Amino acid sequence: MTAKLILGKDIGNQIREELKTEVEGLKKKGVHPGLAVVLVGEDPASTVYVTNKGQACRDLGIHEETFGLPASTSEAELLALVDRLNADPKFHGILVQLPLPKHIDSNKVLLRMNPDKDVDGFHPMNVGRLMVGEPIFLPCTPAGVQQMLVRSGNDPAGKHVVICGRSNIVGKPMANILIQKAKGANATVTLCHTGTKDMASITRQADILIAAMGVPKAITADMVREGAVVIDVGVNRIPDPSAPKGTRLVGDTDFEAIKEKASAITPVPGGVGPMTITMLMVNTVRAAKAAHGLK
Ligand code: BQF
């Protein structure tokens, strides 16, 4: 079997087209969605991600401002900026790009945000709301994975989904989304992590396998059941002397080998990554509507 590609780039563009129309309609009602993006330091990968987010906003007509702060910014200074953005009605969404420098406690920063502007869905209030089944913002990457599954005809309902990786940003919210008794969810979920014994014996039972470990090519073909759907969340930059930049992006799966075995797979790049950005746009529009009492 050779796997069908699930292209997040295409699925995301379709959703962004729908959003563009929605943003135009909101502006006619006097609502101009706005997003504040905060970047502390100059990590090259984070800088690329923040650029991607700003570009997506401009494409949709969403007002966006990036607040670039030096790596030496103190926790108190960052908290003061969050307070200011919380109080600024121009911004319906606030995003603090992670990871933050080591001297800043990111949990403290997330806790300071107005949960109604937390378009990443990382504030403990929003984490809790997801767990009890009343989410306002779903974390962007797992929300994007859910959309890719549903829109590619692989509804997770009743399926055994195995997630590898337990980060607060992907693995844990992914599990919390898919176990809900809700449309596009209702799956049986197994969460594997670095403490899992014989991971391959578990991944081989997956109807849907989600790789979110942050380890290049950690999922090999022998770990995949014939006909499984494989979602690769990994974005790893590895050295490649033959590439113009000297590096290239690889996921957490051995794509070339697995595509001969899976029924469907997401590529890297062009898979989950663009969906993360798309779902950030969805959350920002939702935040703007909620702030103006619109459904
Ligand atoms: C693509 C991210 C790890 C840690 C923090 C498109 C993005 C990436 C890839 C992107 C990511 C990864 C983002 C592609 C945002 C996804 O074409 O494959 C877009 O911008 N992402 C982030 O903000 O923080 C991260 C990965």
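Things worth noting here:
- Residue within region 192-203 that is basic (Lys, Arg) and either at positive phi or touching a residue at least 12 places away in the same chain (Cβ under 8 Å) (or both) present: no
- Residues in region 236-264 that are hydrophobic (A, V, I, L, M, F, W, C) and touching a helix residue (DSSP H, G or I) at 6+ places or on another chain (Cβ under 6 Å) were compared, and the one that is surrounded by the fewest Cβ atoms within 10 Å (Cβ to Cβ) is Ala257.
- In region 277-291, of all residues being touching a Gly at 6+ places or on another chain (Cβ under 8 Å) and more than 11 Å from the ligand (Cβ to nearest atom), the one that is farthest from Ile6 (Cα to Cα) corresponds to Ala288.
- Residue list for region 116-125, filter: touching a residue at least 12 places away in the same chain (Cβ under 8 Å) and either of a type outside the set (Lys, Arg) or farther than 20 Å from Glu77 by Cβ (or both): Asp116, Asp118, Val119, Asp120, Gly121, Phe122, His123, Pro124
- Those residues of region 239-276 which are outside any loop (DSSP other than H, G, I, E, B), away from the ligand (no atom under 14 Å from the Cβ) and closer than 23 Å to Ala200 by Cβ, in sequence order: Glu256, Ala257, Ile258, Ala264
- Just one of the listed residues (Val38, Val50, Val31) is more than 16 Å from the ligand (Cβ to nearest atom), surrounded by 13 or more Cβ atoms within 10 Å (Cβ to Cβ) and either modelled with pLDDT of 95 or more or part of a strand (DSSP E or B) (or both), and it is Val31.
- Any chance Ala45 is more than 20 Å from Ala290 (Cβ to Cβ), in contact (Cβ under 8 Å) with a residue 12 or more places away in the chain and outside any helix (DSSP H, G or I): no
- Subset of region 7-28 that is among the basic types (Lys, Arg) and over 19 Å from the mean Cα position of the chain (by Cα) - its residue that is surrounded by the most Cβ atoms within 10 Å (Cβ to Cβ): Lys20
- Test result for Thr141, of a type in the set (S, T, N, Q), surrounded by 15 or more Cβ atoms within 10 Å (Cβ to Cβ), in contact with a Leu (Cβ under 9 Å, 6 or more places away or on another chain) and touching a residue at least 12 places away in the same chain (Cβ under 8 Å): no
- Any hit, region 165-177, residues being assigned to a loop (DSSP other than H, G, I, E, B), at positive phi, away from the ligand (no atom under 16 Å from the Cβ) and of a type outside the set (D, E, K, R): no
- Residues (surrounded by fewer than 18 Cβ atoms within 10 Å (Cβ to Cβ) and touching a residue at least 60 places away in the same chain (Cβ under 8 Å)) located in region 97-115: Leu98, Pro101
The values are calculated or read from the model by the stated rules, or taken from the named source; none is laboratory data. This one's a predicted model, so the numbers in the text were calculated from it and none came from an experiment. Every residue, glycine among them, receives a Cβ derived from its backbone with ideal geometry; neighbour counts consider all protein chains shown.
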